[in-house]
1. Counting only other residues whose beta carbon sits under 9 Å from that of Val59, what net charge do I get with K and R as +1, D and E as -1?
2. Taking the Cα atoms of the range 40-149, report the difference between the largest and smallest coordinate on each principal axis, in whole Å and largest first.
3. List every residue whose amide H lies under 5 Å from the amide H of Ser104, counting only residues 5 or more places away in sequence or on a different chain, with H placed 1.01 Å from N in the peptide plane.
4. Can you pull out the GluC sites (Glu not before Pro) in the range 1-56 whose DSSP state is coil and whose Cβ has at most 11 other Cβ atoms within 10 Å?
5. Taking 8 Å as the Cα distance limit and 6 or more residues as the minimum spacing, I'd like the relative contact order of the range 3-145 as a percentage.
Amino acid sequence: MLFEEIRDFIAVQFGAEVIVSEHTDNLQPYLVLDTERLAEVCLELHDNELTYFDFLSSVTGIDNGPETGTVEVVYNLYSIPYDHSLMLKVVVPRNTNAGEPIPSVPTVSHIWRTADWQEREIFDLVGILFKDHPDMRRILCSADWEGHPLRKDYKLQDYYHGIKVPYDNHNEYSGFRGEPVRLIDPEEPFTDKRAKPEA
């Protein structure tokens, strides 16, 4: 199916209002969906024999920054038997203060099992909660880590359990301050190291 046919299929099944906007001027066209109806649309796209999007290629979280005030979740769907793909997005308001609840999007982990860890990674690094996820907890950072490292306004904490977190030039010198590491030895011509018989 072509992008336009899939768009029309969604509009017929769920009503045109489920599609918030359509973007066809990109390299890969995409639809922005109503956040609350995301899971039911995805379930239909997965189960319907006309579309059968049996593979969730990726789920990506994007922080648009405090100035824009939104975060996005991008879903790349693929149908192996039909060899067609679709990109879907949802856009939700971003929390700007620590006291505000974090953004929330319905889970699709009950449709595609691969969404399980990808949604946990987005929760951990971008700070988007996935409603009804079976195991919504951090996956890369420790459970008591402060903040979400891929947020544009993320501030690295100074100490974690008494350990200083930001090491000055740590990566630049591979752990030894002031002692540069030579990554490439001077070139030596290839030599034959085998012992040669005496003539």
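1. -2
2. 45, 28, 19
3. Answer set, sorted by chain and number: Leu129.
4. Passing both the DSSP loop test and the Cβ count: Glu49.
5. 18 percent
A short reminder: the numbers here are calculations on the coordinates, not readings from a lab. Remember, predicted model here, so these are calculated numbers, not experimental data. Neighbour counts run over all protein chains shown; Cβ positions are idealised from the backbone, glycine included.
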